[in-house]
Amino acid sequence: MTTDPTGAAAADANSELFGRARRSIPGGVNSPVRAYGSVGGTPRFLVRAKGPHVYDAAGREYVDLVSSWGPMILGHARDEVVEAVQAAAARGLSFGATTPAETELAEEIIGRLTASGREPVDRVRLVSTGTEATMTAIRLARGVTGRDLIIKFAGHYHGHSDGLLAEAGSGVATLALPGSAGVPAPIAGQTLVLPYNDLDAVRAAFAAHEGRIAAVITESAACNMGVVPPAPGFNTELARIVHDAGALLILDEVLTGFRVGPAGWWGVETDGDGDTVAEDYEADIYTFGKVVGGGLPLAALAGRAEVMEQLAPLGPVYQAGTLSGNPVAVAAGLTTLRLADADVYAHLDAAAARLSASVDAALTDAGVAHRMQHAGNLFSVIFAEDGAKDYDEVRAQESWRYAPFFHSMLESGISLPPSVFEAWFLSAAHDDATLTRIEDALPAAARAAAEAQPPA
Ligand SMILES: *Cc1c(COP(=O)(O)O)cnc(C)c1O
């Protein structure tokens, strides 16, 4: 694999910490993609962060384009958020009982989705991780419909619950795994995996399994295999097919929710004519995570009362959590959402457009076949001339060009996601000077990508 060009220079607190970590933590990490497996080299051990910057154990500063995989939409350690968290912590870390702020957060989420004039949700349940949100959404859809089968799309990531790991994105894609060991075949068999952006495949699956499909779960815009947006009209037509068949649509906005716009992707997606699709379709259950917790463990599922009130204690579908709606996490999430106003989204859109264009230009200048792919302010580079619309095309790219690109950027003090199968995450704190610093690093990285050799 690629050697880490900065390893010697940083000589290095990071290597020492990684060696020690591996003796007590499997692979030295608590989430696989952090191990730098697909880019090689030593993961940076981060010790603090502020604004657009993170700092490693060797004292080096990096511009951060990971943003904790999305939550840090305001930048790191934003003063107001830290103060709200400190104040909440001082009042008590956890009660295991209802708190007033949970209702405020539920109201904030409902308010964001109803600002479109539609009312797709009027009940919200708070949980602690995106995995729990999608897992619960699926149990709820099965409980409501009395059916067992689930459709997901190849390359979409919905967390690490048993039924959702088949051909998943994110770390599963990074490690090139077909799924996971430890998932019993009868459980995996309840999930039908279809190619993304292929409505004919969806129609065929509903025809082949009439009356047996409980739900289709889809990332509102796929961002865990690199960014692969839905084709214009895909989500709208998907919703129609699903609803005609008496099934539920679960729109997984854990990554896109409240990051690409005030109401998530559902609020910014446009059809071929540029009109917003919030007019055209609604999902039955929306799942949120990442930004909604502002950097602390918090996620949510939301829907209409007739669906959501099938959850315990009102309905027969059980779900619970000792730390669900934790007051410190709610303080971080609520404060983050309240500060994420129209100006923040406008800034993110402009910064993403600028940086994506700069990456595009640098790679073009270096003669590297690539395509920039976008979903609102989320973007990634795909090393294939014609881009990609599904997981097969994503996997066919020259992904080996990414490791030298990544390490060149890291050497210049820019921390990209350590996998080509991930989106780049900007924040409100990525100002003009920060973007310029990233841009200055691009030509050398693009040259490194151009000189990369395919694996033997
Ligand atoms: C991150 C992610 C999840 C899982 O969330 P966790 O908090 O990591 O469990 C689910 N769905 C999507 C679309 C995600 O990006």
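Given 429, 452, 448, 384, which one is hydrophobic (A, V, I, L, M, F, W, C) and within 26 Å of residue 345 (Cβ to Cβ)?
Details: 452 fails: within 26 Å of residue 345 (Cβ to Cβ); 448 fails: within 26 Å of residue 345 (Cβ to Cβ); 384 fails: within 26 Å of residue 345 (Cβ to Cβ).
After applying the criteria, what remains is 429.
Hey, among 137, 88, 97, which residue is outside the structural domain of residue 413 (by TED's automatic domain parsing), at pLDDT 95 or above and in contact with a helix residue (DSSP H, G or I) (Cβ under 6 Å, 6 or more places away or on another chain)?
Values: 137 fails: in contact with a helix residue (DSSP H, G or I) (Cβ under 6 Å, 6 or more places away or on another chain); 97 fails: in contact with a helix residue (DSSP H, G or I) (Cβ under 6 Å, 6 or more places away or on another chain).
After applying the criteria, what remains is 88.
Restricting to the range 137-156, count the residues that are under 18 Å from the mean Cα position of the chain (by Cα) and under 19 Å from residue 309 (Cα atoms). Spell out the reasoning first.
Going through the range 137-156, the residues under 18 Å from the mean Cα position of the chain (by Cα) turn out to be 137, 152-156.
This time we only want the ones that are under 19 Å from residue 309 (Cα atoms), so: 137.
Counting residues in the range 137-156 that are under 18 Å from the mean Cα position of the chain (by Cα) and under 19 Å from residue 309 (Cα atoms) gives 1.
Taking residue 340, is it touching a residue at least 12 places away in the same chain (Cβ under 8 Å), within 17 Å of residue 72 (Cα to Cα) and away from the ligand (no atom under 16 Å from the Cβ)? Spelling it out, residue 340 is indeed touching a residue at least 12 places away in the same chain (Cβ under 8 Å), within 17 Å of residue 72 (Cα to Cα) and away from the ligand (no atom under 16 Å from the Cβ). Filtering the range 269-291 to residues that are modelled with pLDDT of 85 or more and in a loop (DSSP other than H, G, I, E, B) leaves 281, 282, 283, 284, 289. Just one of the numbered conditions (1) crowded, with 21+ Cβ neighbours inside 10 Å; (2) within 13 Å of the ligand (Cβ to nearest atom) is not true of residue 297: (1). Taking the range 367-456 and the helices (runs of 4 or more DSSP H) fully enclosed by it, the elements with 2 or more residues that are touching a Gly at 6+ places or on another chain (Cβ under 7 Å), crowded, with 19+ Cβ neighbours inside 10 Å and not basic (Lys, Arg) are at 391-395, 402-411.
The single condition among (1) over 18 Å from residue 154 (Cβ atoms); (2) within 16 Å of the ligand (Cβ to nearest atom) that residue 275 does not meet is (2). At least 3 residues being more than 16 Å from the ligand (Cβ to nearest atom) and in contact with an Asp or Glu (Cβ under 6 Å, 6 or more places away or on another chain) is the threshold, and among the strands (runs of 3 or more DSSP E) wholly inside the range 22-117 those reaching it are 53-56. Summed over the range 136-156, residues that are part of a loop (DSSP other than H, G, I, E, B) and more than 10 Å from the ligand (Cβ to nearest atom) total 5.
Determine, yes or no, whether residue 352 is closer than 22 Å to residue 270 by Cα and of a type in the set (Gly, Ala, Ser). Spelling it out, residue 352 is indeed closer than 22 Å to residue 270 by Cα and of a type in the set (Gly, Ala, Ser).
Taking the conditions exactly as written (within 16 Å of the ligand (Cβ to nearest atom), within 23 Å of the chain's Cα centre (by Cα) and over 22 Å from residue 317 (Cβ atoms)), does residue 159 satisfy them or not? So residue 159 does not fit the description; no.
How many residues does the range 162-173 hold that are within 9 Å of the ligand (Cβ to nearest atom) and assigned to a loop (DSSP other than H, G, I, E, B)?
2
Could you say which residue among 403, 441, 452, 350 is free of Cβ contacts under 8 Å to residues at least 60 places away in the same chain and either of a type in the set (Asp, Glu) or out of contact with any helix residue (DSSP H, G or I) (no Cβ under 6 Å at 6 or more places or on another chain) (or both)? After ruling out the rest, the residue left standing is 350.
The number of residues in the range 118-135 that are under 29 Å from residue 187 (Cβ atoms), part of a loop (DSSP other than H, G, I, E, B) and either within 16 Å of the ligand (Cβ to nearest atom) or not hydrophobic (A, V, I, L, M, F, W, C) (or both) comes to 2.
The values are calculated or read from the model by the stated rules, or taken from the named source; none is laboratory data. Computed from a prediction, not measured in an experiment: that's the story for all the values here. FYI the Cβ positions are ideal-geometry reconstructions off the backbone, even for glycines, and counts take in every protein chain you see.
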